Amino acid sequence: MSQQYPRYVSTRGGGGVVSFEEALLQGLAPDGGLYVPDRVPAIDKAFLRANSNFAEMAARVLPFWLGGEVPEERLAAIAEDAFNFDVPVVPLEGGEWTGVYVLELFHGPTLSFKDFGARTMARLMSHFLRGRNERLTILVATSGDTGSAVADGFAGQEAIDVVLLYPGGQVSPVQERQLIAERPGVQAFAVQGTFDDCQRMVKEAFLDPELAGVRLSSANSINIGRLIPQSLYYQWAAAGFDEVVFTVPSGNLGDLTGGVLAWLAGLPVGRFIAAHNLNDFFPRFLAGDGDDYRDSVRTLSNAMDVGVPSNFERLRALLSEDEMRRRIRGYRVTDPETLATMRKVYNETGYVADPHTAVGLEAARRYRAETRDDLPVIVLSTAHPAKFPETVREALGFEPPVSARLAALWDTPTSVLPLAPTVTALKEHLLVAR
Ligand SMILES: *Cc1c(COP(=O)(O)O)cnc(C)c1O
């Protein structure tokens, strides 16, 4: 097989062409842009069919992206280790929902789709760092899902330490448990301040000359290393159909960008539906209602509370505006509509959806009613309902079924230190830890 592997360029055109390894370890391009592939491999559908599990499919597809830099056996081992959980496609039956499928991406260790990106990225980074004989500290400010996926995904990876900052007392009890579970190579800090303090401390640490000797990285959703694994589950879910519509509960648009990469690589996708909550920058843009950014507002689907979606810049680099508007439709779903959808879907099909997935389900319902498109619609389910017991109770009148993974967390040892909300306090730790 002779093949041209993709290389990576900045969305802003500066900085030249780099390898995947460089793009992964740098995160942001030197000109402040995001890395995108300079070409997208053509991935034949034959590769997607007839795989007995997700890891096996991933092991066959990842070499199209990374085969030039990571040996195939190594990629297969990484896929097997990273994707050690099920990725089911669940058909809904009843009411307006027949023909709608739920792609459950929440069976990983932290019960959200962010496990896919974080686990793969961690293993790829560790692979490259060992080759260079270097160490790296991942510094993350988190208010929830990303932090636990990163902490868990990077835990125990050779050559990588993780430092996690979250606003003490300001995350839900379940979220806090997920953040402070004791993990090898991970230190969680309950910052005596707000999420904005945590973010400011991280930003200041990156710029601090005294920390020049500590190699820091951020592992956030702007890293290309998270996007490629997020294209795999689109290929997995669509393998059994001729053509499908995907509905993606969206915030920063990283998940959707993964789908667009899969489509550009040849996956037959009729349409993408970008399902947003009240933070509706992207639906407004797609509808031609302007592209002004607004401050984010709090909603029940809080992992999607993003005012300025960072991956918009990437979508723009990958697709022309015409193509974007032809291929993607945007919807905005309010909190009352989210609760009503959770109820409606449960009453009509028996399926318990979390609030993020419900935003996707409502967008899918509206799309089908408006367009009469009869392609199968696959709704990405981005989080397990057990992560949102209060909202499920409010919508359905009962607590969601417990998840064994979450239940086990309450018996796991924890490790967390308090931290003053200053970069000086953070630096003390980062320098001592060396
Ligand atoms: C992060 C997240 C999203 C949004 O994904 P983006 O890639 O930011 O668009 C949706 N649902 C859940 C549960 C998430 O954690």
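Just a few scattered comments:
- Which listed residue is within 15 Å of the ligand (Cβ to nearest atom), surrounded by fewer than 24 Cβ atoms within 10 Å (Cβ to Cβ) and aliphatic (A, V, I, L, M), from 339, 256, 286: 286
- Only a single item in (1) under 28 Å from residue 390 (Cβ atoms); (2) in a loop (DSSP other than H, G, I, E, B); (3) at pLDDT 90 or above; (4) touching a Ser or Thr at 6+ places or on another chain (Cβ under 8 Å) is not met by residue 157, and it is number (1).
- Residues satisfying the criterion are present in region 205-223 (criterion: over 26 Å from residue 60 (Cα atoms), more than 14 Å from the ligand (Cβ to nearest atom), polar (S, T, N, Q) and touching a residue at least 40 places away in the same chain (Cβ under 8 Å)).
- Of the candidates 305, 295, 291, the single residue that is acidic (Asp, Glu), more than 25 Å from residue 171 (Cβ to Cβ) and more than 9 Å from the ligand (Cβ to nearest atom) is 291.
- When restricted to residues that are crowded, with 16+ Cβ neighbours inside 10 Å, of a type in the set (S, T, N, Q) and not in a helix (DSSP H, G or I), region 172-214 contains 1.
- Residue in region 243-256 that is acidic (Asp, Glu), in contact with a helix residue (DSSP H, G or I) (Cβ under 9 Å, 6 or more places away or on another chain) and modelled with pLDDT under 95 present: no
- Looking only at residues in region 259-277 that are hydrophobic (A, V, I, L, M, F, W, C) and either at pLDDT below 95 or within 14 Å of residue 379 (Cβ to Cβ) (or both), the one that is farthest from the ligand (Cβ to nearest atom) is 269.
- Some residue of region 150-162 being crowded, with 24+ Cβ neighbours inside 10 Å and more than 23 Å from residue 26 (Cβ to Cβ): no
- Residue that is farthest from the ligand (Cβ to nearest atom) [pool: residues in region 356-370 that are of a type in the set (Lys, Arg) and touching a residue at least 60 places away in the same chain (Cβ under 8 Å)]: 368
The values are calculated or read from the model by the stated rules, or taken from the named source; none is laboratory data. The structure presented is a predicted model; accordingly, all values stated were derived computationally and were not measured. Note that each Cβ is placed from the backbone with ideal geometry, even for glycine, and that neighbours are counted across all protein chains shown.
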